[in-house]
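First comes the structure, then the notes that go with it.
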Amino acid sequence: MGKVVAAAVTVVSLAALGGGAAPPRAGGGACTLAPGALTVDDLPAGSSVLDCAAVGRLVTHAGAGVTVPGPGMKVSVDALTEDGSLHGFTLAVAADGTVSYGDLTHADTDADAASDHARTSVAPGRARAACADDAYATAGHKEYDTYEWFLGDGTLPGNLAPDDARRALEDAIGTITASRNDCGFGDTVTAKARFLSRTGNEADIDRDARCMARDGVSVWDAGDLSGGVVATTCSWSRAVSGGPDSLREADVRFNTRDHTFTDHPGEACSNTYDLRSVATHEAGHVFGLAHVGESHESQTMYTNSFACSTAARTLGRGDVLGLRSLY
């Protein structure tokens with residue numbers, strides 16, 4: 001604890017991912033990809049999405065998946081899971097069509113243990129540790145202007161009425177934009193957000209918690225995701241020279257098929273997630289924060305959200321420092 005996690009996106013090579021297939025040539029002529037979902041071995045770092053006609057194809061890695069964007073764009077998927085396992089990665093396409101991969105799992109020394117962390121009913125020691133832990137990780141993008149978002153028109157988490165759901169989600173997003181905390185940090189974060197309306201558009205996330213092709217509308221909704229996933233955020237950004245990428249869209253979906261949510265967890269709460277805590281975590285991803293892992297349970301961006309706990313409604317020291325590093 002007390003270690004600042006570097007805000008870096010690591011380029012994943014074919015060798016690092018254990019691929020054994022010969023990579024498609026980078027900028028060296030056409031290549032042929034098999035039909036169906038691809039893996040990072042099928043489309044390794046350094047290959048060309050233009051030569052391989054890969055734009056719009058689904059690429060998977062370690063339980064996560066993203067749809068290949070066009071040149072100059074990046075897509076990131078982050079799944080919040082009930083057991084703390086890490087389902088997320090980034091695929092970036094350079095202006096010339098070259099692919100690179102970024103691993104969003106986080107870089108601190110305890111990261112490898114995070115997948116073994118089981119869910120507990122309360123966050124251990126948050127009141128003692130939240131303001132003493134300065135660990136954070138960032139995803140390589142930020143909102144340079146105002147994040148404008150919509151609320152889906154289907155069933156909402158906790159079966160809340162639309163106005164109640166909007167208020168809960170606005171409050172959670174506001175925790176990020178105002179960097180609300182109990183550590184004595186003033187708000188120097190310049191991030192902004194604005195709710196627009198309800199929409200018939202859906203979050204561009206499929207039932208396996210994978211990012212589909214973006215539709216240009218940032219939607220928060222609820223539906224069916226992989227059983228162990230509590231919520232998922234997909235973020236699309238465009239490269240900016242000399243700075244974090246510029247956010248273009250970010251969608252969030254809560255898994256209401258396999259998990260229950262409430263806006264008012266009480267003493268009788270059991271196996272139910274606090275909507276605002278989960279939403280604050282997901283809003284952190286929207287504005288460029290990535291997961292921190294084992295031994296950083298007191299931070300809102302910890303890789304697991306604790307059932308029945310409202311602790312993540314308020315940011316820890318590391319969460320605030322991560323936002324300040326971006327804004």
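None of the figures in this text is laboratory data; all of them are computed from the coordinates on show. Computed from a predicted model, the values in this text were never measured in an experiment. In this analysis, Cβ positions are derived from the backbone assuming ideal geometry, glycine residues included, and neighbour counts consider all displayed protein chains.
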Could you list which residues have their amide H under 5 Å from that of ASN181, counting only those 5 or more apart in sequence or on another chain, with H placed in the peptide plane? LEU315
Within 10 Å, count the other beta carbons around each residue, average over each peptide in 282-295, 171-184, 248-261, and list them highest first. 282-295, 248-261, 171-184
Using only Cα atoms, figure out Rg for segment 117-326 and give it as a multiple of 2.2 N^0.38 Å. 0.95
Amide H within-cut-off set for ASP245, under 5 Å, with H built and near neighbours excluded: HIS141, LYS142, VAL240
